[in-house]
Every structure is written in structure tokens, then in C-alpha cells.
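The values are calculated or read from the model by the stated rules, or taken from the named source; none is laboratory data. Here the structure is a predicted model, which means the values were calculated and not measured. Using ideal geometry, Cβ is built from the backbone for each residue, glycine included, and neighbour counts are taken over all protein chains shown. Ligands, DNA and RNA are excluded from the accessible area calculation, which covers all protein heavy atoms including side chains. Shrake-Rupley method; radii C 1.70, N 1.55, O 1.52, S 1.80 Å.
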Amino acid sequence: MMKNTLKKPLFWLLIFLNVKIVAFSQNEKTFEVLKNLEIFSAVYKQLHLYYVDEIQPGQLMKTGIDAMLQSLDPYTNYIPEANIEDLRLFTEGAYEGIGTIIMTREGETFISEIYEGFAAQKAGLIVGDQIVAVNGVDIANRTNEEVSTLLRGQAGTPITLTIQRFGEHHPFEKTLMREAIRFKNVTYTALLTGDVAYIKLESFTEGAANEVRDAFLKLQADGATSLILDLRGNGGGLMNEATDMVNLFVNRGLPVVSMKGKITERNQTFSTRQEPVDRDIPIVVLIDRTSASASEIVAGALQDYDRAVIVGQRSFGKGLVQNILPLDYNAQMKITTAKYYIPSGRSVQAIDYADRDEEGRAQKVPDSLRTAFQTQAGRVVYDGDGIEPDIELESETLSNITATLFGKLHFFDFANQYHHQHPTLPKPSEFEVSEQLFIEFKHYLDGKDTEYKTQTEFILEILEESAKEEKYLDAIKQELDLVRKQLFHDKDSDMDKNKAEIKEILGMELVSRYYFQKGTTEFALRNDTEVQKAIEILQNLDQYQTILQP
């Protein structure tokens, strides 16, 4: 009895001390925040009063905020009022403008892509057109961002562009009416060999799940008996759209993704709410290194429920949740508020932004800290580094010569010339880059800059420098020159060695001039080895089931 009497006061004393310590800790943090805000305000004031040159207050503040946020993670961003359109594009897939993508090149601005059905295409603008002026204002040496800002504006307002077109001697003017541009999440659908439905999903903005649902039901009505969902290059978007998309193919009431952050009251789990449109159809999901966020939720949840075979390369590894918070003066802030976890309980986050090396670089989650989880059927899956495909395929990389031709815009320029000389092109399903066209492209490159250095050449330069320092250069110089000569000879034949790859890129560039994004996708699918692997799996149901069972 005496022991219990003594324990109770001791217990309440410990509770009291703990509360006091927590309160002190909170007060200490609050003091630190207020102190540093005062210091920041004082620095800003002194710069305004005494700095030798006139400062731009808004730009200076944005620079300071951006630098502060960069020490956290790449997804926590300050969005001033001037950039709200970018936020709308991210969440809604919409903005107001003319429907183009532009690029700058040596101080000049060119249209690099045109979206079918919008103002630019309806006005007759074409890929390769140089924009010389916007509303009479010369845009030479303007940045990409500056020109994009000029092109955007309220729907229904006119904009006059001065255009210099390939093959024409004098520029001309085009007046367009800006409009609301809304991009579709589903950019291409088709019924492939063997009644395989193919759906290309580019993003997860508003309505993405409904677009996939409508596309799938139409393809199913046309006779589809299996499905390829292509999430390659899809950087993600809205979490609720990812949840609803998983719901298309799994039963109602199943958890898809859970959020856990600092504010425990806001932690929640998103579960499927509707009956699925099809719980049995065989599915392959294609992913790559740029499939991120919502793409990883869809691929990961379907993998955890053993509902789809995942094919491709390991995904990006973004398991962080961002919320948009309003700030004063119509500014906003995108801030990481939580981590998400897919049905098996694993996180896909690959980078630990709280763990940085001596140079401030965030560290990857080490293999030793990755944890094993299980899918519903008992297959082992791991956290900490994106979604690992069930069937991993080697990523296709461009050869040195092809990458050089692409980077130096030789494909782009040749396609502009070809389009000027040929008003029509066969349909993407029929067009082939013939041997004659390939030779024509090679002749086009005569006299143009196609130089590049191979890895071997870089190593030779290092070897030569080391040999020179160590006084061995005279002894090996003859051999080095012979190797260089052989490499130069080999580079002359690189075009022929990589003919198939060059034809593929050239064909896509040409098709884009006549048939826009849909045509380019249709042409590329014909030689897509990952799609072909997916079809192979879907046409062999024994193999498909074997992959999904432990």
C-alpha cells in the first residue's frame, strides 16, 4: 500500500516535468523563429538603404526565398502572383495562350511544338517558324520564360506575331486570338496486335481517371481483351486522380495510398470508393526513370494488389506529398507536408533530403536501410527506391552520333526543310524513312557541325596529359596518334552503324510536322520494344499469371 502511495506523486511529478520540458522546447523554437525573422528583416532593410546599386525588392526577396527552400527539397516552391498560370497548368492541365512550345537558340525563338486544335495551329503556324516579334516588340535575345510570358494572356485577347518561315525571304504577321488551352491527360489510344488496348497517359491533372475510364471502355467495346497502360515520362500530379485510376481495376473499399506528416490530424488514407469497371482484364503498366509521384502510386498499388505486371525501368522515387497554401498578395506556396505509402506499407521515396553530405548534397536511401514488404499474393517488394518493375528492361540510350545530331538540332532543321519542300507525308502507320531519304539526310549534314568526343577520346586526353607530366609522352605518342586515327575513321561510319536509330528519330521529327503529337506516338509505337514486350506478356496468360503469383 505504501509503495503505491509513493509511486503516484512520482508519476505526476514526471508528467509535470515532461510538460514543462515540451513547453520550454516549443518556446525556444518560437524564440529562434522570431529572432531569425528580425535578422532577415534587418538585412533586407540595410540592403535597401545602403547597397551601392539600386536593388529590385521583389526579385531580391524571391532569390532569398528560393535559396532557403532549396535547402529543403526540390518540390517546396514559392509561387509569386506572376507565376500562378504555371500552377494552374500543373493542377488543371490548362493555361491561356496560343498552344505552342517554344525554344530559344542563339538568341532566336522558334516554335518547337504545336498543339493540334488550338490557336497557333488554326492560324497556320508550323513547327520551325521563328517568332521575330510579339505585338511589334522585338524578342531577340529574350529568354524562353520571357517569351512564354508574352505569348500567354487572357483568353479572348488578340496577339500579333511576326514570323520568319523557312524558305521565305520576308517575315509576315499573324494575328491570333488567345484561348483557354486545356491539355488532355490521355494523349493516345489504340487497339494493337491481338486485341491489346493501349492507353498513353501523360499526366494526372483534373479528370485523368475519367479520361482513362472512357478510353478503356471504348477500346473494350471495340474488342480489347487486355490493356497496356503507358506511364513512361509521366511525372505525376493529383493524388485523388491516382486513387480513382487504381479504382478502375480493383475492388471497392481497398486502401490505395496513405499520407503521414507532421500534423497527425491531417494524416489520411485514400481508398477506392466505386465498383471497378473491370477487375479481371490482364494489365501491363509501362514505367521508366521519369515515371514519378502519382504514376508510382498507380503502378505501385496495382503491383501490391498483384493486379498488373509492371514492365520497364525502376521509377523515379518521389514519395512526397505537396499542398498548395495561399500567401499574401495572391502569392502561393507549394510545400511538402507528408510522405505517402502505398498498400503494402512501403514508401517509394528514393532521396533523403534531411541527410546531406559535406557539400550539401541530399543522399540516396542506402540499400542497407531498405525494407522488404509483400504484395497481396506474397511477392517480395522493397521500399526506398521507386517502383521496381516485375520485368526490368534495359533503358535504350542514344548513340554518340545520334545524340549529337539531336542536340545540335540537325533533325529539327532537316525536318523544317523537308516540310517546306513536301506539302504531304504518308500516314504515320505507313510512313518509312527510306534508304534514299537517309542518304539525303547524310548529304544535308555535309559541312555541318557534327563533331563530338567519345568516352575513349576523353580517356586518351587524360592519358596523354599524364604521360606528358611523367615524361613518357615521347615513348607512346606514335601509338596514341594511331589510336586517334582509327577512332576518326570509325566515326566516319557511325551514321551507317546507327542507321536504324537515326531513321527512327528522323522519322518522328518528320511525322510531327504533319500529324502533331498523335502521329508521332503512332509512328514511334511501331518500333517500341517495351510495348512489344508488353504485348508478348499479355498474349501468354500462363507467363502473365506466373509473374503475379509467388
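Quantify, in whole percent, the carbon and sulfur part of the accessible surface of the chain (1.4 Å probe; protein heavy atoms only).
54
For the range 450-550, report the accessible area per residue in Å² (1.4 Å probe, heavy atoms, rounded to an integer).
Values: 6290 Å² over 101 residues.
So the range 450-550 comes to 62 Å² accessible per residue, rounded to a whole number.
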TM-like helix rule applied to the chain (DSSP H, alpha carbon span at least 27 Å on the long axis, mean Kyte-Doolittle at least -1.0) gives 2-50, 473-492
Neighbourhood charge, 14 Å Cβ-Cβ cut-off, centred on residue 171 and excluding it, Lys, Arg +1 and Asp, Glu -1: -3
Solvent-accessible heavy-atom area per residue, rounded to whole Å², over the range 157-202 at 1.4 Å: 51
Ordering 252, 346 by how much accessible area each has at a 1.4 Å probe, largest first, what is the list? 252, 346
Expressed in angstrom, Rg and Dmax over the Cα atoms of the chain are 28.7, 105
Let me know the volume per residue of the alpha-carbon convex hull for the range 329-382, in Å³. 105
Rounded to the nearest 500, the 222 nm mean residue ellipticity computed for the chain from DSSP H runs (n ≥ 4, each -39500 (n - 2.57)) alone is -13500 deg cm²/dmol
Local charge sum around residue 278 (other residues, Cβ-Cβ under 11 Å, Lys/Arg +1, Asp/Glu -1)? +1
Keeping every protein chain in place, order 260, 448 by accessible area at 1.4 Å, biggest value first, i.e. largest first. 260, 448
Around residue 132, which amide H atoms from residues at least 5 apart in sequence, or from another chain, sit under 5 Å from its own amide H, with H modelled in the peptide plane? 162, 163, 164
Before I look further, what does the range 222-333 give for accessible area per residue, probe 1.4 Å, in whole square angstrom? 39
How big is the gap, in Å, between the Cα center of the range 359-389 and the Cα center of the range 132-148? 46
Collect residues whose amide H, placed 1.01 Å from N in the peptide plane, falls under 5 Å from the amide H of residue 190; neighbours closer than 5 in sequence don't count. 198
Which ³J(HN,Hα) values, rounded to whole Hz and listed in residue order, are derived for the range 270-281 from phi using the Karplus coefficients 6.51, -1.76 and 1.60 in 6.51 cos²θ - 1.76 cosθ + 1.60 with θ = phi - 60°, glycine and proline given as x? 9, 10, 5, 10, 10, 6, x, 7, 6, 9, 10, 4
Quick query: amide H of residue 351 versus all other amide H atoms, modeled in the peptide plane; which residues come in under 5 Å with a sequence gap of 5 or more or a different chain? 365
